[in-house]
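Bear in mind these aren't lab numbers, they're just calculated from the coordinates by the rules spelled out. This one's a predicted model, so the numbers in the text were calculated from it and none came from an experiment. Cβ: placed from backbone, ideal geometry, glycine included. Neighbour counts: every protein chain shown.
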């Protein structure tokens, strides 16, 4: 299972708890802090020939 958690960098500790619970079940969780978009986080999306793909790379500042 892979989960994208859309949140804010000032959110409470529950986000980390959820991420740890997902990891303990063998899943992967990725955090997307909306307040850091698009200055510190960027979103790459690709659509083509019946496929969709998204990538959220952190910018190196």
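Candidates (1) 64; (2) 76; (3) 68; which is the computed percent of Cα pairs over 13 Å apart?
Step by step, percent of Cα pairs over 13 Å apart for this structure corresponds to label (3).
Taking every DSSP beta bridge with both residues inside the chain, roughly what % is antiparallel (nearest 5)? Mind showing how you got there, number by number?
On the way: 6 of 12 bridges.
Around 50 percent of the beta bridges assigned by DSSP in the chain are antiparallel ones.
Would you order 36, 4 from fewest to most other beta-carbon atoms within 10 Å of each residue's own beta-carbon? Working shown, then result.
Details: 36 15, 4 11.
Placing the least packed residue first, the sequence is 4, 36.
Quick check on the chain: helices-only [θ] at 222 nm, where DSSP H runs of length 4 and up contribute -39,500 (n - 2.57) each and the sum goes over total residues. Nearest 500, please. Provide the component values of the computation, followed by the final result.
Values: 1 runs with 11 residues, N = 61.
Mean residue ellipticity at 222 nm (helix-derived): -5500 deg cm²/dmol.
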